[in-house]
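The values are calculated or read from the model by the stated rules, or taken from the named source; none is laboratory data. Just so it is clear, the structure is predicted and the values come from calculations on it, not from any experiment. Please note: Cβ atoms are built from the backbone with ideal geometry, for glycine as well, and neighbour counts cover all protein chains shown. Protein only, heavy atoms only, side chains kept; ligands, DNA and RNA dropped before computing areas. Shrake-Rupley method; radii C 1.70, N 1.55, O 1.52, S 1.80 Å.
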Amino acid sequence: MTDTEVLAEGRFLRLVRKGRWEFVQRVIAPEGAVQIIALTPAGEIIFVEQDRPPVGGRVLELPAGLIDGDGGPDETAEATAIRELEEETGYACERVRLVHRGPTSPGSSNEFNAFYVAEGLRRIGDGGGLDSEDITVHRVPLASAHDWLAEQAGRGLYIDPRAYTGIYWAQRELV
């Protein structure tokens with residue numbers, strides 16, 4: 001392929017052209033992001049809800065975060081997953097296990113997502129994210145998660161498709 005031309009750059013993102021393709025690169029998180037699949041001891045999958053300005057509304061999604069060094073410059077993807085789970089949901093875990101890594105939107109971004117299953121979950125707080133975040137934590141019985149997400153979409157919430165990926169991996173790996 002041809003050389004990459006930078007079309008625009010901000011603090012977090014860069015718009016580039018490579019040949020005929022225009023796409024976005026993450027500037028601060030070149031390793032991508034983590035998605036955490038967490039099931040409570042009661043058999044509930046954990047989703048988070050938060051405002052997402054790029055789509056103009058509240059989105060239901062898996063707990064997640066960028067591998068951007070918020071936990072220190074040498075923070076691993078696994079450590080990011082553990083930290084983000086605690087910050088966003090108020091749940092700690094004994095360990096996380098990688099079940100999949102792949103491109104998020106390969107036609108428009110170079111970002112990759114790593115999906116981790118959280119094991120040995122225990123509640124240690126309320127969650128809700130950092131001060132700059134307004135996160136609502138939802139614990140939904142895994143058996144009714146598809147129906148619950150459909151109900152929430154009917155109420156006007158956006159559903160991140162990766163939420164369904166979380167249901168798949170929870171059923172496959174945690175039940």
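Evaluating R172 against the criteria (1) over 17 Å from the mean Cα position of the chain (by Cα); (2) open to solvent by 100 Å² or more (accessible area, probe 1.4 Å); (3) farther than 23 Å from L98 by Cα leaves one unmet condition, (3). When restricted to residues that are assigned to a helix (DSSP H, G or I) and either of a type in the set (V, I, T) or over 15 Å from the mean Cα position of the chain (by Cα) (or both), the range 141-167 contains 15. Mind checking which residues of the range 13-55 are aromatic (F, W, Y), over 28 Å from A92 (Cα atoms) and in contact with a strand residue (DSSP E or B) (Cβ under 9 Å, 6 or more places away or on another chain)? Scanning the range 13-55 gives a single hit, F23. Total residues in the range 29-47 satisfying the condition of being buried (at least 17 other Cβ atoms within 10 Å of the Cβ) and within 15 Å of G166 (Cα to Cα): the figure is 12.
Filtering the range 102-152 to residues that are within 18 Å of E49 (Cβ to Cβ), without any contact (Cβ under 8 Å) to a residue 24 or more places away in the chain and touching a strand residue (DSSP E or B) at 6+ places or on another chain (Cβ under 7 Å) leaves only W148. Taking the numbered list (1) without any contact (Cβ under 8 Å) to a residue 24 or more places away in the chain; (2) touching a strand residue (DSSP E or B) at 6+ places or on another chain (Cβ under 6 Å); (3) open to solvent by less than 80 Å² (accessible area, probe 1.4 Å); (4) not aromatic (F, W, Y) in turn, R58 passes all entries but (1).
Based on what the data block shows, is E75 among the acidic types (D, E), more than 15 Å from the chain's Cα centre (by Cα) and at pLDDT 95 or above? No, not satisfied.
Here D74 meets each of (1) part of a loop (DSSP other than H, G, I, E, B); (2) closer than 30 Å to A145 by Cα; (3) among the acidic types (D, E) with one exception, condition (2). Here E5 clears all of (1) open to solvent by 40 Å² or more (accessible area, probe 1.4 Å); (2) in contact with a Phe, Trp or Tyr (Cβ under 8 Å, 6 or more places away or on another chain) except the condition numbered (2).
Any residue at all in the range 134-141 that is of a type in the set (S, T, N, Q) and over 17 Å from I46 (Cβ atoms)? So far as the range 134-141 goes, no, none of its residues is of a type in the set (S, T, N, Q) and over 17 Å from I46 (Cβ atoms). Among the residues of the range 48-73, those identified as within 17 Å of Y164 (Cα to Cα) and of a type in the set (D, E) are E49, E61.
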